[in-house]
Amino acid sequence: MNTKKIMLFGVLGLFAMGLVFAGVFYVNTINLTVSVGEPFDTIEYMILGNAGSYTDADGNCTNPQGDYSTGWLSEVDMQAALDGDVDAYLDAGESRKICVKIVNDADADIPYVVDFEVTGDGITPGSKALCQAAFSDISWTGLADKEDETIDGRELTVDSGAELVDNCQITVKVGRGTA
């Protein structure tokens, strides 16, 4: 056998052994215990518009005007304010502006998504389709500024051709992340 071939096999053998024995030798380690907290410390809601349709005269989410505002309420307080409230009645074509305030306690901007969704039937079983036709699903995304409050909102408008239906259930959901 040729000496060049023997040398080549020897070098390849050393290289192969280097691959087998190559690795990291850790000389120290540390274990961390980390919890993930909820950065959205507070989420509040406000409804603008009343006794008719929402208009710019009712103000906006950062500057509500007149008596046509619920003020900022938690989800529990908002639900209590709306239970049995005749002002939750809207005619076809009318609207309300639904505002959301997110307080972000994190040291980073956090993306959020807000969804309006028809989630249930009205008083009449099987009327969910009528409710869905009256209120289109609305969704939007944004960025909650770090260590600050973010205020945003959208109009919820009854379709002008909507059929009569009672007690449609609309869920407003606020989530972290993107849709």
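The values are calculated or read from the model by the stated rules, or taken from the named source; none is laboratory data. Computed from a predicted model, the values in this text were never measured in an experiment. Note: ideal-geometry Cβ built from the backbone for every residue, glycine included; neighbour counts use all protein chains shown.
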> Do we find a residue being at pLDDT below 85 and on the phi < 0 side of the Ramachandran plot anywhere in the stretch 136-152?
Replying inline: yes
>> Being in a loop (DSSP other than H, G, I, E, B), over 26 Å from residue 69 (Cα atoms), touching a residue at least 60 places away in the same chain (Cβ under 8 Å) and out of contact with any Cys (no Cβ under 8 Å at 6 or more places or on another chain) is the requirement here; does residue 178 meet it?
In response: yes
> When residue 165 is evaluated against the numbered criteria (1) in a loop (DSSP other than H, G, I, E, B); (2) surrounded by fewer than 18 Cβ atoms within 10 Å (Cβ to Cβ), which criterion, by number, is the only one it fails?
Replying inline: (2)
> Given (1) surrounded by 14 or more Cβ atoms within 10 Å (Cβ to Cβ); (2) closer than 28 Å to residue 110 by Cβ; (3) over 17 Å from the mean Cα position of the chain (by Cα), where does residue 154 come up short, assuming only one miss?
Replying inline: (3)
> If we keep just the residues of the stretch 66-81 that are modelled with pLDDT of 70 or more and surrounded by fewer than 16 Cβ atoms within 10 Å (Cβ to Cβ), which is farthest from residue 151 (Cα to Cα)?
Replying inline: 80
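Could you tell me which of the residues 111, 125 is modelled with pLDDT of 90 or more and over 23 Å from residue 71 (Cα atoms)?
Answer to the check: 111.
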